[in-house]
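Novice: Below you'll find the structure I mean.
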Amino acid sequence: MEMGPILRAMRRNKVRFGLIVTEVALTLAIVANCVAMIRDARAAMVRVSGFDDENLVNVRSTPFEKAFKEDGYLDNALDADLRSLRSMPGVRAATNTRFLPWQGGGSSTEMRPAGTKGEMLRTQIYNGDEGTLDALGVGLAEGRNFTREEVDRDTVRLRELGRNAREMGPDGLPREKFLQEVIITRAYGRLAFGDNPLLGQQLEDSDGDLYRVVGVIDHFYNPYGWPIHEYAVFFPNRARGYEFGSPFLIRTEPGQALAVAKAVEERLLAVNNGRNLRVQTMDEIKAQYFGPQRLVSTLMSTVTVLLVLVTSLGIVGLTSFSVAERTRQIGTRRALGARRRDVLQHFLAENWIVTTLGVAVGVVLAFALNFGLVTVVEGAKLRWPLLAAGVLLLWLAGLLSTLAPALRASRISPALATRNV
Amino acid sequence: MLLYHLRIAFKSLRRSLGFSAVVVGGIALGIGVASLFATIRHALAKDPIPHKSGVLYNVRLDNWDPAKPHPNKAGIPPQVTFRDMTEIMKTDIPVRQGGMFKANLYVFPEPGSGRPTRTLIRMCFADFFPMFDAPFQYGSGWDRKADQGPEPVIVLGEEMNDKLFGGQNSVGKTVRIEDREFRVVGVLKPWRPSIKFYDITQQQLQAPEQVFMPLGWLRPMQIRTSGNSDGWKSPPQPGFEGVLVSETTWLQMWVELPDEATRQRYLDFLGAYVTEQKKQGRFPRPQRVEVTPLMKLMDEQGVTPPELTAMVVVSLLFLAVCALNLTGLLLAKFLARAPEIGVRRALGASRKHVFLQHVVECELVGVLGGALGILLSLAAVGFANGWVKALFNRGDLIQFDATMAGYALGLSLLAGLVAGVYPAWRVCRIPPAVHLKLQ
């Protein structure tokens, strides 16, 4: 193929081709960065929590009857609720825990290996009962689950502890240490104890109270305000009170979450109607948590599509103009023996060169823009495969947009050259 | 002259309607996207109380762990303890002041009958209403004397007043909250600041609470916060009193300081207070007190997510591509018109005249595109608001206000100009004679 005429034509129309080069470059830079951001948002959304999210239902019971202010009544009511939930059709497991995944938070504390003077290590911390792991749908990797007796015993012990002032030692910490059995995540265990075996290890908190590891779970991911998404400690206790109510997590048979969520309020009110209930499926909770990300990725996707469209339209316009302007020249070339496919090739090659120049500049621009976004506003980091996909996309878009005008050019009759205008 | 240029420009656009639709549509997309993204960001970034934000200050004291600073970005607890709030409110340096927190309490619709509903209640002081300019429909806030007792008085939001009293003037009526009766002294007008600026520790997009109660009721009713509470040390004694004397921070503390001198005096007062407390073994960290203006606090707390800023940057680049596109298309159009221009130049039209006429045509495209773009972004704002409503239960967060209209109009004029200057310059340099010969 003859490159001479193409290059000469381009040199004579610097501005017009410069426009396309700039447009293609900007488009590649924007599209690559948008897609990087969209992919980041999507990746967060498909991140696996380790729990049986699709089949989880959260129920929060908040009492208003005065009777609930009395511990015995509260405990009995809680037991009755759990019994009713566990025997409900479609329910596989139910637990009373304050842990609720996908809220963007929860509760946290600091601990370190007992007896060391090392740095305190922050972790999420939640109460659990003998059914918590089952309800979340996570299996124990090592050790054992809490027993019902442990939960009952610690509920009473913790209540006692909260009721009376603790006697302080000379170091300003409680004189008598409190010991509890806990189940921890593998990630937190590794943070605290490295590669040592975890079962039987002890942690201490800032009061010097002790936590002995009796169980380890492998999968746990709950996004948190601090980077402790995979760190968690569960301790045996009931979560109940007049002010904060009692939260439940229910794991249903596959596909039954909505049906259970619909029926659960009536069922629990039949057990005791001195309280209000709030029911949400985990899908709803997750949708809320990811709402902003979903909005951002929808808007970004729209922009990406529009941008490629606008740029393609621009190429169509400029090439059409180019063809119209050179009608007589094309006619002349045809009259001098150029075949139709030579003309077609001319325009396609011309465009290919321009697009390639554009994407070359665009790659540099994309990284520059990405650098700005990453440093200034914590945007997503750009990766090569993604950029390569962008380059291919623009090559394709460029080719397709040139095709129609170039075909039109190839159909110009040689006779035109002899006519005046 | 300008009118004449405009008329010619209109004619030119009308002559090739399809082409005009494409160029106007292209710029409309650019303006639509740019103004939509800016409007979304503006909803969070704008000053929620422009006439007062300059004199409203958030108060923070670093009472944190000697071993390490508070884990947030500023390294200082965002709220204060109950004991510190009580002590520092004994000064009268600020014109208005008050700590506050939100609680989740049962409000009974009809005393004795019907199921109660848990309702978010703002526990605050009398100064809250004048300090934050809460607009009253009926009655007014309570007076400072009522903070003391405390007296059983409340102020209702307009929604709660609708729910409990059908929107009637309910001043003087009573409402039961938990196990006590409260007398309504005021009802607010609809109050929807863009963000809940007086408490941005969490859920800033929530509408203001619908019930306001003197904070003094926390003790007799043992009311705990339902917002964040941050601590680093176990309370020295168990139970409710323990929370009140602990180092746990859970109250937002605000002061109104009319000028720099007062601000300085107040800072000195806080410094003296902390020094005094240090003698008693509290405040183990290096002394640090912060009196932060509202807008700076919003910035520091990251009320505007960085993603939104990134989106605004991307949208402006998108508009740049649209403008480049417009340049290319207009260039093609103008140059195709070369013979006609040649004739006009030969008949005496000056270069300047030709240039201006074409710039006007570009600006016309810009403004038409801008107008269409604004319509597009209005539609998209409606869509985005639906999204926000599903998430945060308010459908009025994102508003296309005068600032945004100005932004969109400015951008479309700029886009028209930037896109049009080169084509217009090219076309005005067409020599008169060449095209005459060809004809």
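Novice: Determine the per residue accessible area of the stretch A:106-239 with all protein chains present and a 1.4 angstrom probe, expressed in square angstrom. Before the final figure, lay out each step's value.
Specialist: Details: 5990 Å² over 134 residues.
With the other protein chains kept in place, the stretch A:106-239 gives 45 Å² per residue.
Novice: Something else: Using 7 Å Cα-to-Cβ label points, what is the A:His229/B:Asn393 separation (nm, one decimal)?
Specialist: Computed distance between label sites A:His229 and B:Asn393 equals 2.8 nm.
Novice: For labels at A:Arg148 and A:Met45 in the simple 7 Å Cα→Cβ model, what's the distance in nm?
Specialist: Label-label distance for A:Arg148 and A:Met45, simple model: 4.3 nm.
Novice: Return the single residue from B:Leu375, B:Leu297, B:Leu391 with maximal mean-square fluctuation; model: Gaussian network over chain B, springs between Cα atoms under 10 Å.
Specialist: For chain B, modelled as a Gaussian network with Cα springs under 10 Å, the answer is B:Leu391.
Novice: In peptide A:294-306, how many Cβ atoms from other protein chains are near each Cβ within 10 Å, on average? Intermediate results must be reported in sequence, preceding the final value.
Specialist: Numbers: counts 2, 7, 6, 0, 3, 11, 5, 0, 3, 9, 2, 0, 8.
Across the residues of A:294-306, the mean count of other-chain Cβ atoms within 10 Å is 4.
Novice: Tell me the Kirkwood hydrodynamic radius of chain A in angstroms, computed as one over the mean inverse distance between distinct C-alpha pairs.
Specialist: Averaging 1/r across every pair of different Cα atoms and inverting gives 26.8 Å.
Novice: Here's something else I'd like to know. If you average 1/r across every pair of different Cα atoms in chain B and take the reciprocal, what Kirkwood value do you get, in Å? Kindly include the intermediate steps, with their values, before the conclusion.
Specialist: Numbers: mean 1/r = 0.0385 Å⁻¹.
Over chain B, the inverse of the mean reciprocal pair distance is 26.0 Å.
Novice: Nearest 0.05, what FRET efficiency do B:Leu17 and A:Glu325 give at R0 = 25 Å with Cβ-Cβ as r? Can you show the working numbers first?
Specialist: Values: r = 22 Å, r/R0 = 0.88.
About 0.70, to the nearest 0.05.
Novice: Which residues' amide hydrogens lie under 5 Å from the amide hydrogen of A:Tyr231, considering only partners 5 or more residues apart or on another chain, with H built in the peptide plane?
Specialist: Residues meeting the amide H criterion: A:Gln124.
Novice: As a test of understanding, state the convex hull volume per residue of the stretch B:308-439 from its alpha carbons, in Å³.
Specialist: Values: hull volume 13.7 nm³, N = 132.
Spelled out: Cα convex hull of the stretch B:308-439, divided by residues, is 104 Å³.
Novice: Shifting gears a bit: For the stretch B:97-143, what value does the Rg/Rh ratio take when both radii are computed over Cα atoms and Rh is the Kirkwood radius, given to two decimals?
Specialist: Values: Rg = 13.5 Å, Rh = 12.6 Å.
Radius of gyration over Kirkwood radius for the stretch B:97-143 works out to 1.07.
Novice: Set the Förster radius R0 to 41 Å, insert the Cβ-Cβ distance between A:Lys262 and A:Thr116 as r into 1/(1 + (r/R0)^6), and round the FRET efficiency to 0.05. List each step's numbers first, then the result.
Specialist: Details: r = 51 Å, r/R0 = 1.24.
Using R0 = 41 Å, I get an efficiency of 0.20.
Novice: At 27 Å minimum axial length over the Cα atoms and a Kyte-Doolittle cut of -1.0, report the qualifying DSSP H helices in chain A, or say none. If you can, show how the numbers build up before the last one.
Specialist: Numbers: long enough: A:14-46 (47 Å, 1.28); A:282-325 (62 Å, 0.92); A:340-377 (52 Å, 1.23); A:384-410 (37 Å, 1.50).
Sorted by number, the helices that extend far enough and score high enough are A:14-46, A:282-325, A:340-377, A:384-410.
Novice: In nm, to one decimal, how far is the modelled label at B:Ala67 from the one at A:Asp207, with both set 7 Å along Cα→Cβ?
Specialist: Inter-label distance under the simple model: 1.5 nm.
Novice: Rounded, prolate or oblate, given the Cα gyration tensor of the stretch B:1-112, with a/c below 1.5 counting as rounded? Please list the in-between numbers first.
Specialist: Working: a/c = 3.13, a/b = 2.69, b/c = 1.17.
Judged from the Cα gyration tensor, the stretch B:1-112 comes out prolate (a/c at least 1.5, a/b above b/c).
Novice: What residues of the stretch A:60-83 lie in the reach of a label at B:Lys163, counting those whose backbone N is under 17 Å from a point 7 Å from the Cα along Cα→Cβ?
Specialist: A:62-64
Novice: If you count, for every residue in B:323-335, the Cβ atoms of partner chains within 10 Å of its Cβ, what is the mean? Display every interim value, and only then the final one.
Specialist: Details: counts 1, 11, 11, 3, 7, 14, 8, 1, 6, 9, 2, 0, 4.
Average neighbour count from other chains, rounded to a whole number: 6.
Novice: Another one. Can you flag which of B:Lys90/B:Lys278; A:Lys117/B:Lys233; B:Lys233/B:Lys278; B:Lys46/B:Lys296; B:Lys145/B:Lys189 are past 20 Å Cα-Cα?
Specialist: B:Lys145/B:Lys189
Novice: Further question on the same structure: Count, for each residue of B:233-242, the Cβ atoms from other chains sitting within 10 Å of its Cβ, then give me the mean as a whole number.
Specialist: Numbers: counts 3, 7, 2, 4, 3, 7, 4, 0, 0, 2.
For peptide B:233-242, the averaged partner shielding equals 3.
Novice: Step through the residues of the stretch B:7-13 one at a time and calculate ³J(HN,Hα) from phi using the Karplus curve (6.51 cos²θ - 1.76 cosθ + 1.60, θ = phi - 60°), rounding each to whole Hz and writing x for Gly and Pro.
Specialist: Calculated HN-Hα couplings, in order: 4, 4, 4, 4, 4, 4, 5 Hz.
Novice: Over both sides of the A-B contact, add up the buried accessible area with a 1.4 Å probe and give it to the nearest 100 Å².
Specialist: Values: alone 21540 and 20420 Å², together 37490 Å².
Counting protein atoms only, the buried area is about 4500 Å².
Novice: Among A:Val363, A:Val305, A:Val213, which one shows the biggest mean-square fluctuation in a GNM of chain A, springs joining Cα atoms closer than 10 Å?
Specialist: A:Val305
Novice: Could you compute Rg(Cα) / (2.2 N^0.38 Å) for the stretch A:271-421, with N its residue count? Please report the intermediate quantities before stating the final value.
Specialist: Details: Rg = 25.7 Å, N = 151, 2.2 N^0.38 = 14.8 Å.
In units of the globular-protein estimate, the stretch A:271-421 measures up at 1.74.
Novice: Can you tell me how much longer the chain between B:Ile49 and B:Asp299 gets when fully stretched, taken as 0.36 nm per residue apart minus their C-alpha distance, in nm with one decimal? Mind dumping the intermediate values first?
Specialist: Working: separation 250, 0.36 × 250 = 90.00 nm, distance 1.48 nm.
Using 0.36 nm per residue and subtracting the Cα-Cα distance, I get 88.5 nm.
Novice: Using R₀ = 56 Å, calculate the FRET efficiency as 1/(1 + (r/R₀)^6) where r is the Cβ-Cβ separation of A:Glu253 and B:Gln287; round to 0.05. Mind dumping the intermediate values first?
Specialist: Details: r = 59 Å, r/R0 = 1.06.
Efficiency computed from Cβ-Cβ geometry: 0.40.
Novice: Rounded, prolate or oblate, given the Cα gyration tensor of the stretch A:106-239, with a/c below 1.5 counting as rounded?
Specialist: Working: a/c = 1.67, a/b = 1.21, b/c = 1.38.
Verdict is oblate for the stretch A:106-239.
Novice: For the stretch B:63-287, what are Rg and Dmax over the alpha carbons, in angstrom?
Specialist: Taking only Cα atoms of the stretch B:63-287, I get Rg and Dmax of 18.4, 56 Å.
Novice: I need the shape label for the stretch B:84-181. Rule: rounded when a/c is under 1.5, else prolate if a/b > b/c, else oblate, with a, b, c from the alpha carbon gyration tensor. Don't skip to the answer; put the middle values down first.
Specialist: Details: a/c = 2.29, a/b = 1.69, b/c = 1.35.
Judged from the Cα gyration tensor, the stretch B:84-181 comes out prolate (a/c at least 1.5, a/b above b/c).
Novice: Let me ask something additional. Rounded to a whole number, what % of the accessible area of the stretch B:242-301 do carbon and sulfur atoms account for, probe 1.4 Å? Could the numbers behind the result be given before it?
Specialist: On the way: 1370 of 2610 Å².
Its accessible area is 53 percent carbon and sulfur atoms.
Novice: Shifting gears a bit: Sort A:393-404, A:120-131 by packing, meaning the average of other beta carbons within 10 Å per residue, with the highest value first.
Specialist: Numbers: A:393-404: 18.7, A:120-131: 21.3.
So the order, starting with the most tightly packed, is A:120-131, A:393-404.
Novice: Starting from 0 in steps of 10 Å, tell me what percent of the Cα-Cα pairs of the stretch A:1-112 lands in each bin.
Specialist: 9, 19, 19, 13, 10, 8, 9, 7, 4, 1
Novice: How large is the charge dipole for the protein assembly as shown, taken about the Cα centre, if only the Cβ atoms of Lys, Arg (+1) and Asp, Glu (-1) carry charge, to the nearest 20 debye? Write out the running numbers ahead of the final one.
Specialist: Details: 100 positive and 81 negative charges, 1145 e Å.
I would put it at about 5500 debye.
Novice: Also, quick follow-up: For chain B, with a Gaussian network of springs between Cα atoms less than 10 Å apart, report the residue from B:Gln203, B:Gln237, B:Gln97 with the top mean-square fluctuation.
Specialist: Maximum among the listed residues: B:Gln237.
Novice: Over the protein assembly as shown, how many percent of alpha carbon pairs lie in each 10 Å bin up to the one with the longest distance?
Specialist: Calculated over all Cα pairs of the protein assembly as shown, the distribution is 2, 10, 16, 19, 17, 12, 9, 7, 5, 2, 0 percent.
The values are calculated or read from the model by the stated rules, or taken from the named source; none is laboratory data. It should be emphasised that the depicted structure is a prediction, and the values quoted were computed from it without experimental measurement. When we count neighbours, we look across all protein chains shown, and the Cβ atoms used for this are built from the backbone with ideal geometry, even at glycine. Heads up: the accessible areas ignore ligands, DNA and RNA and are worked out on the full protein's heavy atoms, side chains in. Shrake-Rupley method; radii C 1.70, N 1.55, O 1.52, S 1.80 Å.
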